[in-house]
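In what follows, a structure is listed as structure tokens, so that the remarks can point back to it.
The values are calculated or read from the model by the stated rules, or taken from the named source; none is laboratory data. This is a predicted model, so every value here is computed, not measured. Backbone-built Cβ (ideal geometry, glycine too); neighbour counts: all protein chains shown.
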Amino acid sequence: MRLRRGCAVTLVLAGALVFASAPAAAARTWRVGRTWRVGRPWRVGSKAFTESVVLGEVAVQMARAAGHEAAHRAALGGTRLLWDALLHDQLDAYPEYTGTLAQEVLPSARGTGPEQDWLARALAAHGVGVVGPLGFNNTYALGVKRALARRLGLHAISDLRAHPALRYGLSSEFMSRADGWPLVRARYGLGPGDVKGLDHDLAYRGLASDAIDVTDLYSTDPEIQRDDLLVLQDDLGVFPRYDAVLLYRLDSGQAAPEVLAAWQRLRGRIDAGAMAAMNARVKVDRVPERQVAAAFLQATFGLVPAATPAPSRWQAVAHHTGRHLLLVGLSLLAAILVAVPLGILAARWPRLGQVLLATVGLVQTIPSLALLVFMIPLLGIGPAPALVALFLYSLLPIVRNTHAGLGGIPPALRESAAALGLPRGAILQRIELPLASPLILAGIKSAAIINVGTATLGALVGAGGLGEPIFTGIRLDDLALIMEGAVPASALALLVQGLFELIERFVVPKGLRLRND
Amino acid sequence: MKEASQTGSAAGACIVRLESVSKRFGATAALRPTDLDIAAARTTVLLGPSGCGKTTLLRLMIGLIAPDAGRVTFDGTTLTPDNVRALRARMGYVVQDGGLFPHLNARDNVSLMARHLGWGRPRIDARLRELAELVRLPPALLDRHPIAMSGGQRQRVGLMRALMLQPELLLLDEPLGALDPLVRAELQDDLAAVFAAVGTSVVLVTHDLSEAALLGHTLVLLQEGRIVQQGTAQDLLTRPADPFVTRFVRAQRRFDESEGKR
């Protein structure tokens, strides 16, 4: 009895070690990373929307032009993720907006004096430096058709006062935000007028068909270019500023001053018109961000970046599928090694089993994106957090099915085994596990299939895989690109299903398969 | 094996002894304090209506359950949680529908423990041939899985598995309970032949008086967790210890007679 308990403790410890060693391994790589900083490529991140990706690409090509290797970790999740990645030395730089920094990232740092100054101080306290502003302010604005503006002589929001008959079509979010329409109307003294709440996209269509005259927009929306709109100047300075800047790690900057020097040349060089034009090139004309950024740099600085040939569609599919398989395979393997022993423990000690099942069940309820973000400080960005998240999600089906499979063995068989005089380990190995094998295998199979789907989210933390084309495709509204990820992912799920039916033939004993026939 | 049956045939030698053994399951007294000696090299039948404690008694002997009070000794050794596994290797156990493992074929079911003990292939094969002949199982059936065998065939394989290691004690819990009457009758004869051939100590549980009379040297009749009478079948018929014995015997005989008339 004492010996058996000893075995259990060893297993639990082994499980705990697997958990504990993952962050430790990551910590080691960080340290190695730091000593290699000098010769290492700059890692520039960007958020998962077009403008951020374009800016990231501009920054990367600028760094390369300055003679430093740079890599773009494009279209990672959201602000929180990128900020954490920067602080934890997983990125050297990424594009950000001052408004976001002031409102979301460092709200408690608000000080007196110009925002620019206290933000810079607060960032420096985190070891982060700022390049910028880059020249455009991506904030709420009001827009009208350029033709109408010319006819009525509209330049700034104040000019609207003279034309109370204009029809407004505003997005519901803008109408309800305290710093949106209510503030603008009060500060500029605009009359009640004709104001309708609309969906943002419908508002653009309304402008085009002259159903409305004025709408709210973001000052760098690609539609400004497409629909030939004029952004009215915020002459009273009502809207909060969202000036685009580049954030970088101060220690990275020290190690590569030439990159910073190059980036300083970007200050004030990207105005709202230029940014909106680049956004339109990507979203409307479907030109890859890399080319759009290169064209901008060539036009503005006369830089001719080295052409890097884009991989062919098949190469891309093969690359993403390979990475996807690696994510699913490794996480599943680790999960099997941990979850099957946990399931055995759960079946042997019912009270421990309840705790175990509740715990792995709880893990399952954490939204995958939240889990990924939560792991950035521990594991950084890249495959590691995705692998750990997939591993954690795989535990429940395998632990539960192992537990159910062992618990479902008829007592008469259990007793017959005990009556033979076989030791417990041999009973487990020769009788209980083979009898439970169909259910255990089914658990592993569902974990694998779920993993194939969930692994697409890995793209949001820079893990690569088939999520990369899917999310890029969603961002660019490019169905072909979405298919480039979705079709192989579905095929992979079917393949996994088939593979497990094959494995069943080898793993599940013949006597049990006969019963199923 | 030979020694065991020789010492067993010596007067009064006993293989299993129960001393003041009792067992409760919750509020139910499955077995009231009981003393019982099982004679070596003989067949003892535990007999009685369902719920009388006969199966509990059998499970106590092989240590699948531990007594609340009293002690069980096997060949002079008291059963404890520490030695029970080693002692079980010297016993064979057969349950109602054979208790065969569905994932193993008959051959692997029978030889499971022998393989665990490291027996070589030739030794295992030789023993399998011997046992198949003993229990009259066509050797071709050894490659079948339990699902592909009849109830009678499964029971023969279960018997082979129990006999594989030449046990000093063979325990059978309603071995023929799940079989239809014709197969049951045939197997009763075969069991009698096997017990005679092997000469080992046997304890068999049944509720069927004629089966008990056919197979047992000694019958132990139980009622509500208590031994009512112990003796030969003749003793039960001619010298019933109390009215329950008479009722039990009469009920079974009436059943037999009516079946005979049909």
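Answer yes or no: is there a residue in the stretch B:99-110 that is free of Cβ contacts under 8 Å to residues at least 12 places away in the same chain and over 29 Å from B:T55 (Cα atoms).
no
Could you count how many residues in the stretch B:76-91 are over 25 Å from B:G118 (Cα atoms) and either surrounded by 18 or more Cβ atoms within 10 Å (Cβ to Cβ) or in contact (Cβ under 8 Å) with a residue 40 or more places away in the chain (or both)?
So the answer is 1.
Table: residues versus (1) within 14 Å of another protein chain (Cβ to nearest Cβ); (2) in contact (Cβ under 8 Å) with a residue 60 or more places away in the chain; (3) in a helix (DSSP H, G or I); (4) out of contact with any helix residue (DSSP H, G or I) (no Cβ under 9 Å at 6 or more places or on another chain).
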{"residue": "A:L369", "(1), (2), (3), (4)": "no, yes, yes, no"}
{"residue": "A:L372", "(1), (2), (3), (4)": "no, yes, yes, no"}
{"residue": "A:A386", "(1), (2), (3), (4)": "no, yes, yes, no"}
{"residue": "A:A389", "(1), (2), (3), (4)": "no, yes, yes, no"}
{"residue": "A:L395", "(1), (2), (3), (4)": "no, yes, yes, no"}
{"residue": "A:R400", "(1), (2), (3), (4)": "no, no, yes, no"}
{"residue": "A:A404", "(1), (2), (3), (4)": "no, no, yes, no"}
{"residue": "A:S416", "(1), (2), (3), (4)": "yes, no, yes, no"}
{"residue": "A:A419", "(1), (2), (3), (4)": "yes, no, yes, no"}
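Which condition breaks for A:L460 when tested against (1) modelled with pLDDT under 85; (2) over 16 Å from A:L327 (Cα atoms)?
Looking at each condition in turn, A:L460 falls short on (2).
Could you tell me which of the residues A:G99, A:G129, A:G111 is in a loop (DSSP other than H, G, I, E, B), surrounded by fewer than 24 Cβ atoms within 10 Å (Cβ to Cβ) and either assigned by TED's automatic domain parsing to the domain that holds A:L260 or of a type outside the set (D, E) (or both)?
Criteria check complete, one pass: A:G111.
Determine the pairs where a residue that is surrounded by 23 or more Cβ atoms within 10 Å (Cβ to Cβ), located within the stretch B:26-48, has a partner that is charged (D, E, K, R) with Cβ atoms under 6 Å apart, the partner being 6 or more residues away or on another chain.
B:L31/B:K23; B:L46/B:K54; B:G48/B:K54
Please pick out the residue among A:G453, A:G465 that is more than 14 Å from every other protein chain (Cβ to nearest Cβ) and surrounded by fewer than 19 Cβ atoms within 10 Å (Cβ to Cβ).
Being more than 14 Å from every other protein chain (Cβ to nearest Cβ) and surrounded by fewer than 19 Cβ atoms within 10 Å (Cβ to Cβ) holds for just one of A:G453, A:G465, which is A:G453.
Hey, any hits in the stretch A:408-417 for a residue that's farther than 30 Å from B:M91 by Cα and charged (D, E, K, R)?
No, there is no match, as no residue in the stretch A:408-417 is farther than 30 Å from B:M91 by Cα and charged (D, E, K, R).
Is at least one residue of the stretch B:118-136 farther than 20 Å from B:P175 by Cα, touching a residue at least 24 places away in the same chain (Cβ under 8 Å) and either surrounded by 20 or more Cβ atoms within 10 Å (Cβ to Cβ) or away from chain A (no Cβ under 11 Å) (or both)?
Within the stretch B:118-136, one or more residues are farther than 20 Å from B:P175 by Cα, touching a residue at least 24 places away in the same chain (Cβ under 8 Å) and either surrounded by 20 or more Cβ atoms within 10 Å (Cβ to Cβ) or away from chain A (no Cβ under 11 Å) (or both).
Could you tell me how many of the residues in the stretch A:468-488 are of a type in the set (V, I, T) and either without any contact (Cβ under 8 Å) to a residue 12 or more places away in the chain or closer than 30 Å to A:A436 by Cβ (or both)?
Final tally of qualifying residues: 2.
Hey, any hits in the stretch A:408-418 for a residue that's modelled with pLDDT of 90 or more and among the acidic types (D, E)?
Looking for residues that are modelled with pLDDT of 90 or more and among the acidic types (D, E), one finds none in the stretch A:408-418, hence no.
Would you mind finding the one in A:V12, A:V60 that is among the β-branched types (V, I, T), farther than 15 Å from A:D92 by Cα and either assigned to a helix (DSSP H, G or I) or at pLDDT below 50 (or both)?
Being among the β-branched types (V, I, T), farther than 15 Å from A:D92 by Cα and either assigned to a helix (DSSP H, G or I) or at pLDDT below 50 (or both) holds for just one of A:V12, A:V60, which is A:V12.
Conditions tested, residue by residue: (1) closer than 23 Å to B:R129 by Cβ; (2) at the interface with another protein chain (Cβ under 7 Å from one of its Cβ atoms); (3) over 17 Å from the mean Cα position of the chain (by Cα); (4) among the small types (G, A, S).
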{"residue": "B:R71", "(1), (2), (3), (4)": "no, no, yes, no"}
{"residue": "B:T77", "(1), (2), (3), (4)": "no, no, yes, no"}
{"residue": "B:V84", "(1), (2), (3), (4)": "no, no, yes, no"}
{"residue": "B:A89", "(1), (2), (3), (4)": "yes, yes, no, yes"}
{"residue": "B:G92", "(1), (2), (3), (4)": "yes, no, no, yes"}
{"residue": "B:V95", "(1), (2), (3), (4)": "no, yes, no, no"}
{"residue": "B:P102", "(1), (2), (3), (4)": "no, yes, yes, no"}
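Are there any helices (runs of 4 or more DSSP H) wholly within the stretch A:165-220 with 2 or more residues that are closer than 26 Å to A:G153 by Cβ, and if so which?
Answer list for the stretch A:165-220: A:181-188, A:200-208.
Among the numbered criteria (1) among the small types (G, A, S); (2) in a helix (DSSP H, G or I); (3) in contact (Cβ under 8 Å) with a residue 24 or more places away in the chain, which one does A:A491 miss?
(3)
Test each condition in (1) in contact (Cβ under 8 Å) with a residue 24 or more places away in the chain; (2) part of a helix (DSSP H, G or I) for A:G465 and report the one that comes out false.
Just one mismatch for A:G465, condition (2).
Residue-by-condition table, conditions (1) crowded, with 19+ Cβ neighbours inside 10 Å; (2) in contact with a helix residue (DSSP H, G or I) (Cβ under 7 Å, 6 or more places away or on another chain); (3) part of a loop (DSSP other than H, G, I, E, B):
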{"residue": "B:R154", "(1), (2), (3)": "yes, yes, no"}
{"residue": "B:P175", "(1), (2), (3)": "yes, yes, yes"}
{"residue": "B:A178", "(1), (2), (3)": "no, yes, yes"}
{"residue": "B:D189", "(1), (2), (3)": "no, no, no"}
{"residue": "B:E211", "(1), (2), (3)": "yes, yes, no"}
{"residue": "B:L219", "(1), (2), (3)": "yes, yes, no"}
{"residue": "B:Q230", "(1), (2), (3)": "no, no, no"}
{"residue": "B:T246", "(1), (2), (3)": "no, no, no"}
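Do you know which residues across the stretch B:138-152 are over 15 Å from B:D180 (Cα atoms), surrounded by fewer than 23 Cβ atoms within 10 Å (Cβ to Cβ) and within 11 Å of chain A (Cβ to nearest Cβ)?
Result: B:D143, B:R144, B:H145, B:I147, B:A148.
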